[in-house]
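The values are calculated or read from the model by the stated rules, or taken from the named source; none is laboratory data. Since the model is a prediction, treat every value here as computed from it, not as a measurement. All Cβ positions, even for glycine, are placed from backbone atoms using ideal geometry, and neighbour counts span all protein chains on display.
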Amino acid sequence: MKRVAIGLVFLTLLVQEVSAEDRRGWFYLFAGAGRGSGDGSPSVVQGGAGGEFLLKSGFGLGGEFNHTTSARRTGGFSAAAVNASYHFGGREAGRKLVPFVTGGGFFMLGGRDAGADIGGGIQYWWTDRMALRVEFRTHILSSDVPYIHMVRFGIALR
């Protein structure tokens with residue numbers, strides 16, 4: 001847990017530093033719920049934080065830390081992810097509604113499991129510095145539950 005906290009602090013400082021002048025980066029907090037694929041798959045709840053930085057023409061890079069709790073794993077598990085994204089019209093100044101797609105890989109902290117995720121959603125910037133974030137993600141695992149489908153809600157800050 002200490003590594004996750006240090007990583008979140010580092011990610012927050014990095015996003016704030018690179019986005020201070022041009023507003024191309026942001027930090028986000030999220031919570032979500034979902035279900036694994038297959039018969040008898042557990043329901044899951046996930047929370048975490050991440051950051052993204054737009055590079056060029058709406059393409060971006062980001063990372064996040066999350067903790068997932070399910071009915072089958074007492075205490076749940078934590079993961080770190082690195083994702084690429086595309087934000088449709090994301091570099092246009094003053095744009096309020098910005099749809100996006102994202103995908104990348106993750107590894108579980110303290111374990112050997114890894115996987116990939118893919119998804120998409122919308123950020124609604126109701127002020128210049130704050131947005132509502134809604135997204136759907138599918139996590140592809142290498143364990144006995146091959147997929148976890150999740151809806152996540154959050155706040156983005158820049």
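Hey, any hits in the range 110-120 for a residue that's on the phi < 0 side of the Ramachandran plot, out of contact with any Leu (no Cβ under 9 Å at 6 or more places or on another chain) and either among the hydroxyl-bearing types (S, T, Y) or modelled with pLDDT under 90 (or both)?
yes
Quick test of your reading of the structure: L55 fulfils all but one of (1) closer than 14 Å to W26 by Cα; (2) modelled with pLDDT under 85. Name the failing condition by number.
Result: L55 passes all but (2).
Filter the range 101-114 down to the residues that are under 12 Å from A79 (Cβ atoms) and under 14 Å from the mean Cα position of the chain (by Cα) and list them by number.
Across the range 101-114, the qualifying residues are G104, G105, F106, F107.
Which ones in the range 97-127 are surrounded by fewer than 19 Cβ atoms within 10 Å (Cβ to Cβ), more than 13 Å from A81 (Cβ to Cβ) and of a type in the set (A, V, I, L, M)?
Once the filter is applied, which keeps residues that are surrounded by fewer than 19 Cβ atoms within 10 Å (Cβ to Cβ), more than 13 Å from A81 (Cβ to Cβ) and of a type in the set (A, V, I, L, M), the range 97-127 yields L97, V101, I122.
Which of the residues spanning the range 103-158 are under 21 Å from T69 (Cα atoms), of a type outside the set (A, V, I, L, M) and either in contact with a helix residue (DSSP H, G or I) (Cβ under 8 Å, 6 or more places away or on another chain) or not in a strand (DSSP E or B) (or both)?
G110, G111, R112, D113, S142, S143, D144, P146
Here are some residues: M130, M150. Which one is over 14 Å from the mean Cα position of the chain (by Cα), closer than 15 Å to F30 by Cβ, surrounded by 13 or more Cβ atoms within 10 Å (Cβ to Cβ) and modelled with pLDDT of 90 or more?
Going through M130, M150 in turn, just one is over 14 Å from the mean Cα position of the chain (by Cα), closer than 15 Å to F30 by Cβ, surrounded by 13 or more Cβ atoms within 10 Å (Cβ to Cβ) and modelled with pLDDT of 90 or more: M130.
Looking at V44 and the list (1) β-branched (V, I, T); (2) crowded, with 20+ Cβ neighbours inside 10 Å; (3) modelled with pLDDT of 90 or more, which single condition is not satisfied?
Answer for V44: the failing condition is (3).
List every residue pair whose Cβ atoms lie under 8 Å apart, where the two residues are 6 or more positions apart in sequence or sit on different chains, the first residue falls within the range 98-126 and is over 16 Å from G51 (Cα atoms), and the second residue, located anywhere, is of a type in the set (D, E) and surrounded by fewer than 18 Cβ atoms within 10 Å (Cβ to Cβ).
Close Cβ pairs satisfying both conditions: F107/D113.
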